[in-house]
């Protein structure tokens with residue numbers, strides 16, 4: 001069995017996330033307490049009690065998702081469960097880099113806190129939307145976006161085979177969605193997001209994030225983490241700060257990440273953190289052979305996997 005950890009990103013948060021784990025495991029409680037010490041934010045209270053508008057603020061959402069994933073990892077480590085490769089969706093890449101030791105826990109948490117604040121404060125004003133297009137291949141979605149003559153819209157997340165997220169100005173996204181349906185898309189779903197994430201509109205966010213990354217200790221190494229930006233593993237020669245700064249304003253290529261893992265012999269994918277989104281992405285890849293797919297976001301799911 002060759003395990004890969006998958007770490008979710010923004011959009012998977014729900015009120016109550018991680019609460020049962022916090023109440024049962026000291027390791028989980030310790031991580032939540034450490035994050036509070038590092039950031040000054042009681043992320044346990046926000047995660048468990050809300051209110052929803054507070055949890056959904058970008059700077060809180062990112063910390064909440066990161067903290068739950070890191071907390072679950074502590075219990076997995078105690079049970080001797082490790083991964084040979086890992087990847088995260090957008091924000092989740094930071095979780096993977098902390099887990100692999102490229103960032104220390106303290107530095108990684110501080111970075112995610114700053115990243116959330118930057119995205120909250122420096123995303124340009126406008127009527128922005130994102131939409132998931134199901135049932136079209138990558139080139140078809142790219143062509144659909146190019147057909148929109150008035151307004152900005154581009155592919156932002158290549159999530160899995162047949163599922164690509166577009167991002168941009170609201171009317172342009174809606175128009176691209178109509179073209180996608182005409183081209184044979186099975187479904188176009190408008191997402192509950194308020195920014196043109198992973199597009200060139202986040203240039204200012206990218207610059208601000210690079211300033212923070214340049215101040216952070218980065219442990220250069222051949223890493224087990226697969227990068228969103230190109231679907232390749234980090235090496236000791238990669239400029240991590242530059243990669244992560246570009247990452248915020250370039251498409252997420254998660255399909256390539258999953259394919260790279262499979263091509264390297266991964267046969268068990270374990271989603272660590274809130275939601276089941278990434279597990280669903282693996283299923284859509286339709287890999288040959290028997291693939292194990294698990295998600296861990298509760299006491300029950302964690303214990304079922306630990307006893308596997």
The range 6-18: number of residues that are closer than 22 Å to residue 110 by Cβ and at pLDDT 95 or above:
4
Failed condition for residue 82, given (1) closer than 19 Å to residue 123 by Cα; (2) surrounded by fewer than 24 Cβ atoms within 10 Å (Cβ to Cβ); (3) touching a strand residue (DSSP E or B) at 6+ places or on another chain (Cβ under 9 Å)
(1)
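Conditions (1) modelled with pLDDT under 95; (2) out of contact with any strand residue (DSSP E or B) (no Cβ under 7 Å at 6 or more places or on another chain); (3) within 22 Å of residue 138 (Cβ to Cβ); (4) buried (at least 19 other Cβ atoms within 10 Å of the Cβ), marked per residue:
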residue	(1), (2), (3), (4)
225	no, no, no, yes
236	no, yes, no, no
239	no, yes, no, no
243	no, yes, yes, no
250	no, yes, yes, no
253	no, no, yes, yes
257	no, no, yes, yes
263	no, yes, yes, no
Quick check on the range 19-42. Is at least one of its residues in a loop (DSSP other than H, G, I, E, B), within 26 Å of residue 304 (Cβ to Cβ) and modelled with pLDDT of 95 or more?
yes
So which of 134, 73 is more than 21 Å from residue 247 (Cβ to Cβ) and surrounded by 24 or more Cβ atoms within 10 Å (Cβ to Cβ)?
73
Regarding residue 113, is this residue more than 25 Å from residue 281 (Cα to Cα) and outside the structural domain of residue 12 (by TED's automatic domain parsing)?
no
Yes/no for residue 75 being part of a helix (DSSP H, G or I), touching a residue at least 60 places away in the same chain (Cβ under 8 Å) and within 17 Å of residue 278 (Cα to Cα)
no
Can you spot a residue in the range 64-72 that is over 27 Å from residue 260 (Cα atoms) and either touching a strand residue (DSSP E or B) at 6+ places or on another chain (Cβ under 9 Å) or assigned to a helix (DSSP H, G or I) (or both)?
yes
Of all residues in the range 274-286, which are surrounded by 18 or more Cβ atoms within 10 Å (Cβ to Cβ) and out of contact with any strand residue (DSSP E or B) (no Cβ under 7 Å at 6 or more places or on another chain)?
274, 275, 277
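The values are calculated or read from the model by the stated rules, or taken from the named source; none is laboratory data. In this text the structure is predicted, and so the values were computed from the model without any measurement. Counting neighbours? That spans all protein chains shown, and the Cβs are built from the backbone with ideal geometry, glycine included.
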